[in-house]
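All remarks here apply to the structure that follows.
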Amino acid sequence: MRKAMLLLAVFGLVGTIWAADPSVGTWKLNIAKSKMPPSAQAPVKEETQVTREVGDQYEITFTGTRTDGSTFSLKFSCPQKGGVVKYENAPEGQMSVTTMISPSEWYGTSLSGGKQVAFGHYVISKDGKTMTRTGKGTDDKGKPYESLAVWEKQ
């Protein structure tokens, strides 16, 4: 009986190690469940996030459309274990850092000119179908805001 229990425990551990990363995949923003911060640009009408594993990095691409019909995209990479985010075409002095708690929970901090301007807490649900980001920050005019973004796995 002990050998059977040990064997099940080992297979359970190996299964956990080999399990797919819950953040990898395509996520669609649920606008109705989200509360986005005010912006100088038109509000988001639709947004998709695609996360891929590339070596020891996550490559993340956001694409979407605003309510005025304009489109946007953002691409960046960050270490899977947390660290400095590398944006494509980031404005001078802007950067972000991630702190990984687990594959389904992490924090993101955005800096501009060395000063923290936003902070987000990301959590993927236990069933892996929903990713939620709660955030706080200051807008371009220095006014504080809070946000909630809810993404659903596609």
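Every read-out reported here was derived from the displayed coordinates using simple, explicitly stated rules and does not represent laboratory data. Predicted model, so just to flag it, every value in this text is computed and none were measured. Cβ: placed from backbone, ideal geometry, glycine included. Neighbour counts: every protein chain shown.
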Flagged as over-length at 21 Å C-alpha distance, from K75/K141; K35/K141; K33/K115; K86/K115, the pairs are K75/K141; K33/K115
Which aspartates and glutamates does K45 reach when only Cα atoms under 20 Å apart count, and residues fewer than 8 places away in its own chain are ignored? D68, D139, E146, E152
For V97, the net charge from surrounding residues (Cβ-Cβ under 14 Å; K, R +1; D, E -1) works out to +3
